[in-house]
Each structure stands twice: as C-alpha cells, then as structure tokens.
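Heads up, the thing below is written out as structure tokens.
We did not get these values from a lab; they are worked out from the coordinates using the rules stated. Because the structure is a prediction, the values reported are computed rather than measured. Please note: Cβ atoms are built from the backbone with ideal geometry, for glycine as well, and neighbour counts cover all protein chains shown.
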Amino acid sequence: MDYTHKPVLLRECLDGLNIRPGGIYVDGTLGRAGHSLEIAKRLSAGRLIAVDRDQAALDAAPARLEGCLDRVTLVRGNFGDLADILASLGVAGVDGMLFDLGVSSPQLDDGSRGFSYLQDAPLDMRMDQSAPLTARDVVNGWSQEELRRILWQYGEERYSGPIAAAIVRAREREPIETTGQLAELIRSAMPAKARREKQHPAKRSFQAIRIAVNDELGEVERLLGSALDVLNPGGRVAIISFHSLEDRLVKTAFGAWAKGCTCPPDFPVCVCGRTPRARLVGRRPITPGEEELNENARARSAKLRIAEKL
C-alpha cells in the first residue's frame, strides 16, 4: 500500500539537530523515513543510523531513501536498546538523535494492523509484528483491575472502571476478537453525555491498550537512561511526544540533565558534586504552527523538546 506521510515538525527537527555533514546521527523511529530522508540529504561523509521495530518500515525504506542509501544504516530494533544497537555497530558516540514517539501514519491507516477504532480488524496493535503480546491478549487475558489501571494510567480514561467491567463481562461470553467489537463495547460502557463528545469514545482506551502492548513508556524510560551516554559533546537529542505521559518523562529527564546539583535548596554549598550534563535548547517545547496543522491534523498534540550535551 502507498501512504501519504507528513513528518511532524520537520523543519524544527532539522534546525534543532544542527546537522553537520560529516556527523553520525540516529533516527530512532524510522517510520516512513520522512525525517530520515531529510537528515540523510544533509550528510556527505556522515552517516545516519535509522532504527525501527516494524519490519514493514524497514522494507519500505530503500525506496523512500533512494539516492541517500549509501549514507544510511538500517537496523531493526527498539530505540530503548539504543546503546546496545550502537555498540553492535562499533559506534562509540553520535552527534545527534531524533525520536518521533507517535504511531506512524501507515500503522494507523493500515486497518489490518488493528490500531484504529475506525476500521474493523483483528485486535493486534503490535508495532513489531514478531512480538508475542497482542491487543487480543491484553483485552481477553488481563484482569479487570489491570485493564482499569492501564485505561486510567495510559489513556487518562475517566470511565476506566465501567469500561474494564464491560470488557470482562463480554469476554466471559466469547472472546473479543476485533477492533470493531472492542470499540462498540467501550462506547456502550460510557454514559450518553460522553458518547456525544467530539472525540471518539474509544480513542483514549485504544491509546492505553496500544501503549501497554508495545511497552511504549518503558521504551522511553530506557532510552532516556542511556541517550546522554552515547551522545558526543555538543551533540543534540530531539524528541517528539504526542501525549502528556511521554512528554512528562522527557521533560523530567531533560530537566535533570540540565540541573546538575541535587542538594537540598537550604544547603549553603553543594556537596553532591554533580554538574549539568546538558543544556536545554529552548525552555518550552516546540509545537506545530497553524500552517502545519492545516496540512496535517495528526500533528496537533506534538511537542518537540531538544537538549544539547555539554
């Protein structure tokens, strides 16, 4: 299938990475290569390491990166394992890294992948289709309390309790197999006033289940635990997040890198000896402008944060 894909905050990412033609860069979320292509175009003697857990993205990459492939190394893997990936390639440090934490447009648009509540398909939601855990496993196998927890924690769904209870009642009769079944269950468990909201009733719950299936927040935490260690001094890391849980993790990590000293504020002198390891490039996140939003509604919730290693 051919898809229309618009890389989010493209100009802002390229400016923020401050790309040098001879540098080594990472696109940890290759997707449909929109960001990767523009990074690779700006390299001469440099190299781009493009990572994705989705084999479909890697299969499509050679055509999308035509003319730039001599500067690109494609790797199947999770960005949370970035340090191990770079070590396996013999790369000691990189000059810039980009991570777009959103689900790629092709994954959403391909109904067979089971990400969308707008198309009926088998419950899947795996970004890596070789991974063992599917949305069907979560919906049919996890306890009512665990379902309620992820709907509330990952989806901020205020009707998480009634929805979890409805799922358990339904699966006792027969397994829940499709996105259409699940979306209708979620809708029917919500009060009439919630069903009339502009946002689709299933949006928050589908987001929560997708995050659980792919361990998305765990991957971000692992990335943030190692990203600064594999970045060369003066190198930058740019991360685009799409919901508050991801952005909170990024904001907190970047703030800790830039703060340095962790002594209580009433200490007269620093005794911890920690110094800042990075500086924030801009105090506030970068968000899409009106022109981009008019062209790409999926960019609406995007926030870009950038940090530079000292």
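Can you tell me the orientation of helix 160-173 relative to the chain, as the angle in degrees between its alpha-carbon axis and the longest Cα principal axis, to the nearest 10?
60 degrees
May I ask for log10 I(q)/I(0) of the stretch 1-135 at q = 0.21 Å⁻¹, from a Debye sum over the Cα atoms as equal point scatterers with solvent left out?
For the requested q values the scattering log ratios are -1.28.
Using per-residue counts of other Cβ atoms within 10 Å, averaged over each peptide, order 26-38, 231-243, 64-76 from highest down. Kindly include the intermediate steps, with their values, before the conclusion.
Numbers: 26-38: 25.1, 231-243: 21.6, 64-76: 15.9.
In decreasing order of mean packing, 26-38, 231-243, 64-76 become 26-38, 231-243, 64-76.
Kindly provide the helix-only [θ] at 222 nm of the chain, computed as the sum of -39,500 (n - 2.57) over DSSP H runs of four or more divided by all residues, to the nearest 500 deg cm²/dmol?
Values: 14 runs with 131 residues, N = 310.
That comes out to -12000 deg cm²/dmol.
Return the percentage of antiparallel bridges among DSSP beta bridges fully within the chain, rounded to the nearest 5 %. Could the numbers behind the result be given before it?
Details: 11 of 29 bridges.
The antiparallel fraction comes to roughly 40 percent.
Once the other residues with Cβ under 11 Å from the Cβ of Ser226 are scored (Lys, Arg +1; Asp, Glu -1), what is the net sum? Each step should come with its number before you reach the end.
On the way: positive: Arg222; negative: Asp81, Asp84, Glu221, Asp229.
The answer is -3.
Quick one: how many lysine pairs does the chain have with C-alpha atoms less than 22 Å apart and a gap of 8 or more or different chains? Give me the count, please.
Lysine pair count for the chain: 10.
What are the semi-axes of the equivalent ellipsoid for the stretch 199-310, taken as the square roots of 5 times the Cα gyration tensor eigenvalues, largest first, in whole Å?
Numbers: eigenvalues 193, 61, 38 Å².
The equivalent ellipsoid of the stretch 199-310 has semi-axes of 31, 17, 14 Å.
Test of understanding: what is the full-extension gain from Glu221 to Ser143, defined as 0.36 nm times their sequence separation minus their Cα-Cα distance? Walk me through the numbers on the way to the answer.
Numbers: separation 78, 0.36 × 78 = 28.08 nm, distance 2.51 nm.
Net length gain for the segment: 25.6 nm.
Quote to one decimal, in nm, the extra length available between Ala192 and Arg173 on full extension: 0.36 nm per residue of separation minus the C-alpha distance between them. Working shown, then result.
On the way: separation 19, 0.36 × 19 = 6.84 nm, distance 2.47 nm.
Separation in residues times 0.36 nm, less the Cα-Cα distance, equals 4.4 nm.
Within a Cβ distance under 11 Å of Ala183, other residues only, what is the Lys/Arg minus Asp/Glu net charge? Present the calculation step by step, with values, prior to reporting the outcome.
Working: positive: Arg187, Lys203; negative: Asp120, Glu184.
Net of charged neighbours comes to 0.
Quote the FRET efficiency, to the nearest 0.05, computed for Asp70 versus Glu291 with a Förster distance R0 of 45 Å and r equal to the Cβ-Cβ distance. Spell out each step's value before the answer.
Working: r = 33 Å, r/R0 = 0.74.
Once the sixth-power term is evaluated, E becomes 0.85.
Using Cα pairs under 8 angstrom and six or more residues apart, how large is the relative contact order of the chain, in percent? Could you put the intermediate results ahead of the total?
Details: 529 pairs, mean separation 56.5, N = 310.
In percent, rounded to a whole number, it is 18.
Viscosity 1.002 mPa s, temperature 20 °C: what is the translational diffusion coefficient of the stretch 203-253 from Stokes-Einstein with a Kirkwood Rh over Cα pairs, rounded to a whole number of µm²/s?
Details: Rh = 12.2 Å.
Roughly 176 µm²/s, to the nearest whole number.
Above 17 angstrom, tally the Cα pairs of the stretch 83-142 and express them as a % of all pairs, no decimals. Present the calculation step by step, with values, prior to reporting the outcome.
Values: 1011 of 1770 pairs.
It works out to 57 percent of all Cα pairs.
How much net charge surrounds Arg284 when only the other residues with a Cβ under 11 Å from the Cβ of Arg284 are counted, with Lys and Arg +1 and Asp and Glu -1? If you can, show how the numbers build up before the last one.
On the way: positive: Lys251, Arg283, Lys303, Arg305; negative: none.
It works out to a net charge of +4.
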